[in-house]
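Single-structure report; data block below.
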Protein chains: 2
Amino acid sequence: MRTHITLDDLDDLAVGAAILGTGGGGDPYMGKLMTRAAIEAHGPVRLIPLDELPDAFNIVACGAMGAPTILIEKLPSGEEMGRALDLYERYTGRTLDALIPFEAGGINSTIPLMAAAKRGLPVVDADGMGRAFPQLEMETFNVYGVPAAPVAIADERGNTGILEVKSAAKSEWIARGLTIRMGGQSFIANYGMDGATCRRVSVPGTVSLALGIGRTMREAKAQHRDGLESLIEFFAGTHYEEAKVVGSGKVVDVSRRVQNGWSVGIVTIEPFRRGEEPIRIQIQNENLVAEQAGEILAIVPDLISLLDVDTGEAITTERLRYGQRVNILAVRVPPIMRTPEALDVFGPKAFGLDHAYRPLGLLPQR
Amino acid sequence: MRTHITLDDLDDLAVGAAILGTGGGGDPYMGKLMTRAAIEAHGPVRLIPLDELPDAFNIVACGAMGAPTILIEKLPSGEEMGRALDLYERYTGRTLDALIPFEAGGINSTIPLMAAAKRGLPVVDADGMGRAFPQLEMETFNVYGVPAAPVAIADERGNTGILEVKSAAKSEWIARGLTIRMGGQSFIANYGMDGATCRRVSVPGTVSLALGIGRTMREAKAQHRDGLESLIEFFAGTHYEEAKVVGSGKVVDVSRRVQNGWSVGIVTIEPFRRGEEPIRIQIQNENLVAEQAGEILAIVPDLISLLDVDTGEAITTERLRYGQRVNILAVRVPPIMRTPEALDVFGPKAFGLDHAYRPLGLLPQR
């Protein structure tokens, strides 16, 4: 059991977070660089298993908000997250005991580690999405009753805000508006809760999960084993259980734009196997649904990640381009993310999709 | 010298505030109703002359932000302003001693009175615009060095925010974005300052000015005198000095839309005198410039108000329509609003207009 995140972990973490990012969540590479600098300066970050979290701990979720396509052009200064946390503490009058990533995928797997290193705080080995999602209300924290407000928000120019909004969905709407006016990228801290609540409402073990994914890929490479097979085996030993390659092919079209503060679009993949129909993946920051000839291959909240055939690395939405050769890996989410109340918040309908959720490898849910 | 605002003053105030609103600032009628209820419940509001303001007083400017076209469809609950002030006090740790309207024109002449009545606070007889302007940075408070931040903001559903933004112009940009996401209408408190600062940076006597305009119009009507002539005489005795009817005619076209959170458009007036070229008035919430055959009749920051020929009442932008018969009244702003630093913030260039400012009745400024 890992008790600290050190410099040696950051490569594995970035590889795992990219896969959990399901195309979105921002490129973990940038977060890795910032976290490396913070750990070099302040030392390793203690990782607390979710079930060991003291009842009375003051915890807040944190990470970056915005369109990943903007993040790679508008570089963070590294101070934004700390400013949002300072503001959160000052506004609530609560001194934080630990941070929890609000999402396990993408850059937000590392941003809380960077901030925790600088503040000398531990990070909880869990998150509120079990992957990456594009909206602030798509959190198990919200599903299981933690108020989204207050939301502390900061940009790279030192502008900050505190929002007290009545619902999580409205917090998303208003914080997104603020983020757009801040240039499309901001850093937020919200879903403040105590340790007892955090244990009840979080997806457990997701920082370790990202590390495990990265380690599995690295070891497979070193031992000249098939990375995908090893990965599927690895998932089988976790509470995600089911992972599967649902398609392989060449990217032949990427239609993508920034709309309402998100990267949205469709990527079309021509299967390697001749005569097969093209596979279409619909995107809102993250990959939402993969379809082929009218059949659903995988659908949100299950994970859909595009992995480069040669390197095995996950390709984020903003780096997709014509000619890339990819395997489409789907992973089923753990039970806490498949309850009816969870699907209300981040199931297909929450994204305006007409299809019912069908958990990978299981019969359709009613 | 008036020491209190009572129920008897509200009609005059609304009439005067509509003229100072220069087409914008929101219909004072709605503010009047809310203020009437507050004064009935809590008693008259003490009015402090600007030059009698104690040095150490804690003062904040307040009012409504949004498109006036939205305000008449999305009715305020009356609690929003108080919630923004509560938040401002809680966030800054400062207990307020007095409120100052951030603008003297339109609904914002009355909103601070309503809030002051409820809190038992006095209102300063002054403001930061000397009229109505469409943007948060267009304040003499900003021109003469008061930081716009922090900005407390509240909507009618109980959602609130606090913004700490580096410049007044950026505060406008970000608060406007928040206001748009709050449905196009919000209530804000900002430009916190002490009494000594307030005396230096405010346009004096503008609450009394609005009352005086209303009284003048009412008395002229009762005495069957020409309201416009009386009004021009009245202005001559104030620090505004110069007022003039620059045109009269029938509204023949109103092109108006909500854009970026403002009501923008052009109104075309066909002069009563046959053969005269049409007069065009450009609008951004307020009337910005009146032109006829390439000649500027009046231009921002000077006031341009459209008065109904029959009733003498000012017609706000959102109530303009085909067939209305109007006099176009222009009023020169006082010297504190005509300095080069003031024109940088709310002169023609600040609105993207190509023309130089030419103060009504004076030679062009260089």
Seminar exercise, completed: Share of accessible surface on carbon and sulfur in region A:1-155, whole %, 1.4 Å probe and ligands ignored, is 50 percent
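Calculated FRET efficiency, A:SER167 and A:HIS4, Cβ-Cβ r, R0 35 Å, to nearest 0.05? Before the final figure, lay out the partial values.
On the way: r = 37 Å, r/R0 = 1.06.
For A:SER167 and A:HIS4, the calculated efficiency is 0.40.
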For this session: Could you state how much accessible area is buried at the B-A interface, both sides summed, with a 1.4 Å probe, in Å² to the nearest 100?
Result: 2100 Å²
Problem set entry | For B:GLY247, distant residues with modelled amide H under 5 Å away | B:ILE328
Exercise. Percentage of Cα-Cα pair distances in region B:243-366 greater than 20 Å, rounded to whole percent?
Worked result: 41 percent
Problem set entry | Helix B:28-42 axis, angle to chain B major axis (alpha carbon atoms, nearest 10°) | 30 degrees
Exercise. What do you reckon, how do A:ASP155, A:ASP11 stack up by accessible area (1.4 Å probe), largest on top?
Worked result: A:ASP11, A:ASP155
Problem set entry | Where A:LYS170, A:LYS221, A:LYS244 fall by accessible area, highest first, once all protein chains stay in place (1.4 Å) | A:LYS221, A:LYS244, A:LYS170
For this session: Can you tell me the alpha carbon radius of gyration of region A:53-138 divided by the globular rule-of-thumb value 2.2 N^0.38 Å?
Result: 1.08
For this session: Would you work out the charge dipole size for the protein assembly as shown about its Cα centre, treating the Cβ of every Lys and Arg as +1 and the Cβ of every Asp and Glu as -1, and quote it to the nearest 20 debye?
Result: 560 debye
Exercise. Counting Lys +1, Arg +1, Asp -1, Glu -1, what net charge surrounds A:GLY312 among other residues with beta carbon under 14 Å of its beta carbon?
Worked result: -3
Exercise. Using 0.36 nm per residue, how much length does the chain from B:TYR29 to B:ALA196 gain when fully extended, once their Cα-Cα distance is taken away?
Worked result: 56.9 nm
Exercise. For label points placed 7 Å from Cα toward Cβ, what is the shortest-first list of nm distances from A:ALA236 to its copies?
Worked result: 9.8
Problem set entry | Within 10 Å of each Cβ in B:166-179, the average number of Cβ atoms from other chains | 3
Exercise. When only Cα pairs under 8 Å and 6 or more residues apart are kept, what is the percent relative contact order across region B:161-320?
Worked result: 11 percent
Exercise. Out of every Cα-Cα pair in region B:312-366, what percent are more than 16 Å apart?
Worked result: 55 percent
Exercise. Counting only the heavy atoms of the protein chains, how much of A:ASP55 is accessible to a 1.4 Å probe, in Å² to the nearest 10?
Worked result: 90 Å²
For this session: Using the 7 Å Cα-to-Cβ label point, sort the distances from B:LYS250 to its equivalents in the other copies shortest first and give them in nm to one decimal.
Result: 7.0
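Take the Cα gyration tensor of chain A, multiply each eigenvalue by 5, square-root it, and list the three semi-axes largest first, rounded to whole angstrom. Spell out each step's value before the answer.
Numbers: eigenvalues 183, 96, 79 Å².
Here the semi-axes work out to 30, 22, 20 Å.
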Exercise. Given +1 on the Cβ of Lys and Arg, -1 on the Cβ of Asp and Glu, and no further charges, what dipole in debye does region B:27-171 carry about its Cα centre, rounded to the nearest 20?
Worked result: 260 debye
Exercise. If you roll a 1.4 Å probe over the heavy atoms of the protein chains, what accessible area per residue do you get for region A:4-204, in Å²?
Worked result: 28 Å²
Exercise. Around B:SER109, what is the net charge, scoring Lys/Arg as +1 and Asp/Glu as -1 over all other residues with Cβ under 12 Å from its Cβ?
Worked result: -4
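Report, as an integer, the average count of C-beta atoms from other chains found within 10 Å of each Cβ along A:156-162.
Values: counts 0, 4, 3, 10, 7, 11, 9.
Counting other chains' Cβ atoms within 10 Å and averaging over A:156-162 gives 6.
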Problem set entry | Shortest-first nm distances, B:GLY323 label point to equivalent points in other copies (7 Å, Cα→Cβ) | 6.7
Exercise. What list of ³J(HN,Hα) values in whole Hz, one per residue of region A:136-153 in order, does the Karplus curve 6.51 cos²θ - 1.76 cosθ + 1.60 (θ = phi - 60°) give from phi, with Gly and Pro shown as x?
Worked result: 4, 7, 7, 10, 4, 3, 5, 3, 9, x, 7, x, 6, 8, x, 10, 9, 9
Seminar exercise, completed: Here the net charge surrounding B:SER186, from other residues whose Cβ is less than 12 Å away from its Cβ (Lys, Arg +1; Asp, Glu -1), is +2
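With the cut-off at 37 Å, report for the protein assembly as shown the share of all Cα pairs above it, as a whole percent. Intermediate results must be reported in sequence, preceding the final value.
Details: 126778 of 267546 pairs.
Percent of Cα pairs beyond 37 Å in the protein assembly as shown: 47.
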Problem set entry | Solvent exposure, largest accessible area first (probe 1.4 Å, DNA, RNA and ligands not counted), of A:VAL252, B:VAL267 | A:VAL252, B:VAL267
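The values are calculated or read from the model by the stated rules, or taken from the named source; none is laboratory data. These figures come from a predicted structure and were not determined experimentally. Quick reminder, even Gly has a Cβ in these numbers, built from the backbone with ideal geometry, and neighbours come from all protein chains shown. Side chains are part of the model used for accessible areas, which takes the heavy atoms of the whole protein and leaves out ligands, DNA and RNA. Shrake-Rupley method; radii C 1.70, N 1.55, O 1.52, S 1.80 Å.
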